[in-house]
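Worksheet: one structure, shown below.
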Amino acid sequence: MRMRACSFVAGVAVLLTACGGPQPEIPSAPSSAPASKTNVGLPDISNVKIHGDEDDPINKMVMHAISDLESYWGEHFPELYQSDFKPVEGGYYAVYPSSGDLPPCASEPGDIAGNAFYCYDMDVIAWDAEGLLPELSEKFGDFVIPVVMAHEFGHAVQGRSNMKGRTVTRELQADCFAGAWSQHALDEQVFEVNAAQLDSALAGVLDLRDQPGTSAMDPSAHGTGFDRVAAFQDGMDNGPQRCKEYRDDDPIVLAMPFNDADDEASRGTAPYDYVVNTVPYDLEDFWSQVYPQIRPGEQWVPLAGLEPFDPDSPPDCGGRSAEGYALFYCIPDDYIGWDNKFAMRKVYRQGGDYAVATLLATQYSLAALERLGDDSDEKTSTLRSDCLAGAYTSSVIVHDRPDTSTFSISPGDLDEGIKALLVFRGDGDVERQGAGYARIRAFHEGVMNGVQSCLSLEP
């Protein structure tokens, strides 16, 4: 049996591998060496003072992050802005909203509950140590705490550099700065973080998105999950110098309105059966038009079939049972199969309609790579298929097939697409097919730059 990029493992917890990859629950705190459980090798905090309980493990983790962030910006701020970095003078506040104690810049508990902020007027960083950070840590792992602090330090950098721009631009630049610092933290092993833990932290960044439908011009806009994760990765890939260059509309913000009243009423969510019954035909239409552009004189050969199946009665692929697989492209028989009873429906419930569409798009992309004679290894073909799924998404966004396709993107769909690649993974996927943060970088590449950029993509 030969199923491109799908060495699927059977089991209760494992539902998909990198042919889309679900593990349908967002991973909780990673089990391997959580950084907040030990002080071995962590930054010295003897000179870090906060207002609040310094013995609280969450606050202790914040203090380690503050220590390294002060050092990091003490080194890099002069390189970027030709002046020394002035430490945060108004103080750091760990707040327990139920106690009634408030930090500067807050007039009521609701100002800090579920929140973390940098206050420009009083040069203060404050965080909800009772609700927000413990909940994020439990859901996304310990490294999300330093990432949140790095974002707030990004705002402190803006205050010192007199950065101007719309709210969403400032928020994305702060995400970029957080990504630049995170790359430093990984390179220097400031915290013990592996690829899976970084993916979990990125899922936390994705979770802190605007509500779908929020305009980029909204004075409170922070950016979609797609925009925020892209900015974070921009910082990781290109460092703080690139973040310094952020201006309004650079990078482009892909915040989109609802298409019409019906779209808004449904919150942009199509029924599951509609998605699995119509998206494959739109993918056929996409590839029938794109393939001849890649291979002039050649036509796209439609897939031999689609096989939604009950896992109790899996199909055969090349003469062998597909038992244990949940989503795959079968090369010998040229069909795409998916568990239509459990796995994909869980993806739909937990990731959204476009999470399902994106995973189907990755399988069509694998079929396209097979037709193109791509013989790259599994990690490379996975990234190229993710990128091509992004290129398909771009086609839907810009409506470049008006005579044959009426599909439209709804607010939140891009976030659902990257969530599919980041979160819905199976055991061993990172080792075989690459980390989630690399996969969503590839998806972003396809969305922004199209098919041709995907065909030579390398890990």
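The values are calculated or read from the model by the stated rules, or taken from the named source; none is laboratory data. Because the structure is predicted, anything quoted here is derived from the model rather than measured. Neighbour counts run over all protein chains shown; Cβ positions are idealised from the backbone, glycine included. We work out accessible area using only protein heavy atoms, side chains counted, and drop any ligands, DNA or RNA first. Shrake-Rupley method; radii C 1.70, N 1.55, O 1.52, S 1.80 Å.
Suppose we filter 362, 358, 393, 406 for residues that are without any contact (Cβ under 8 Å) to a residue 60 or more places away in the chain, in a helix (DSSP H, G or I) and under 24 Å from residue 306 (Cβ atoms); which single one remains?
393
Among (1) in contact (Cβ under 8 Å) with a residue 40 or more places away in the chain; (2) in contact with a Cys (Cβ under 9 Å, 6 or more places away or on another chain); (3) in a loop (DSSP other than H, G, I, E, B), there is one condition residue 142 misses while meeting the rest; what is its number?
For residue 142, the exception is condition (2).
Identify the single condition in (1) open to solvent by 20 Å² or more (accessible area, probe 1.4 Å); (2) modelled with pLDDT under 95 that residue 82 does not satisfy, given that it satisfies every other one.
(2)
Answer with yes or no whether residue 121 is at negative phi, open to solvent by 60 Å² or more (accessible area, probe 1.4 Å) and either within 30 Å of the chain's Cα centre (by Cα) or among the charged types (D, E, K, R) (or both).
When the stated conditions are applied, residue 121 passes them.
For the list (1) surrounded by fewer than 18 Cβ atoms within 10 Å (Cβ to Cβ); (2) at pLDDT 80 or above, I need the number of the one condition that residue 217 fails.
Going through (1) surrounded by fewer than 18 Cβ atoms within 10 Å (Cβ to Cβ); (2) at pLDDT 80 or above one by one, residue 217 breaks only (2).
Name the single residue, out of those in segment 80-131 being in contact (Cβ under 8 Å) with a residue 60 or more places away in the chain and outside any loop (DSSP other than H, G, I, E, B), that is farthest from residue 175 (Cα to Cα).
For segment 80-131, the residue satisfying everything is 81.
For residue 426, state whether it is at pLDDT below 85 and part of a loop (DSSP other than H, G, I, E, B).
For residue 426, the condition - at pLDDT below 85 and part of a loop (DSSP other than H, G, I, E, B) - is met.
Which numbered condition trips up residue 392, out of (1) closer than 28 Å to residue 273 by Cβ; (2) open to solvent by 10 Å² or more (accessible area, probe 1.4 Å)?
Status for residue 392: all satisfied but (2).
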